[in-house]
Amino acid sequence: MAQKEEEAMRKDLEASKNEMSDLEVLQGVSGPAGGVVSQTLESALASHTRLQLHSQSLHQELGGREQVTLKHRLQAQSEIRKHQVEVEKLQRLLTSTHSENNRALESLQKALDMVTVDNRRLAQRLKQAVVINRSLHCKLEQGRDQCQATITPRA
């Protein structure tokens, strides 16, 4: 795009130089009034040339800024991709950890359920043992009392 603009400006500049040559010829023919017109046109041509140079300078500066902006944009996109990869990695880790925790929790829950059932069985057996122990203790007391009763009258 800049090359096309430069080429167009060169053509304009060359055309302006041809207009200047034509003006010099006209100045010789037209006399002092032609000199004023010629001077005005020369000023316009010089102004036009300055504007073209300024325009070229601005285009170059804009091109430099576009390159800087593009560089920044590419750096930002690279950073975004890097962060996206990191987020995906952390999401996979979180999912994996969550799954492992769920499996461990399920295993612990099963173990807790089994211990609870075993504790109920043990509690029931303990109650039965206490009942049997009381019964045996009562029988022992009765046997002792009978034994005492049989020993006492003989003495």
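See the values below:
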item: Cys147 versus Arg121: modelled label distance in nm, points set 7 Å from Cα along the beta carbon direction; result: 3.7 nm
item: Under 18 Å from Lys127, Cα to Cα: aspartates and glutamates that are on another chain or at least 8 residues apart; result: Asp118
item: Under the Debye formula (equal points on every Cα, no solvent term), log10 I(q)/I(0) of region 57-128 at q = 0.15, 0.17, 0.20 Å⁻¹; result: -0.75, -0.81, -0.89
item: Gain upon complete extension [Arg92, Gln128; 0.36 nm per residue less C-alpha separation]; result: 7.6 nm
item: Distance (nanometres) between label positions extended 7 Å along Cα→Cβ at Leu136 and Thr40; result: 13.7 nm
item: Rounded FRET efficiency, nearest 0.05, which uses the C-beta distance separating Glu19 from Leu62 and R0 of 22 Å; result: 0.15
item: Debye log10 I(q)/I(0) at q = 0.13 Å⁻¹ for region 36-155, Cα point scatterers; result: -0.90
item: Accessible surface of region 33-155, 1.4 Å probe, proportion on carbon and sulfur as whole %; result: 59 percent
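The values are calculated or read from the model by the stated rules, or taken from the named source; none is laboratory data. For clarity, every value in this text was computed on a predicted model and none was experimentally measured. Note: ideal-geometry Cβ built from the backbone for every residue, glycine included; neighbour counts use all protein chains shown. Please note that ligands, DNA and RNA were not included when accessible areas were found on the heavy atoms of the full protein model with its side chains. Shrake-Rupley method; radii C 1.70, N 1.55, O 1.52, S 1.80 Å.
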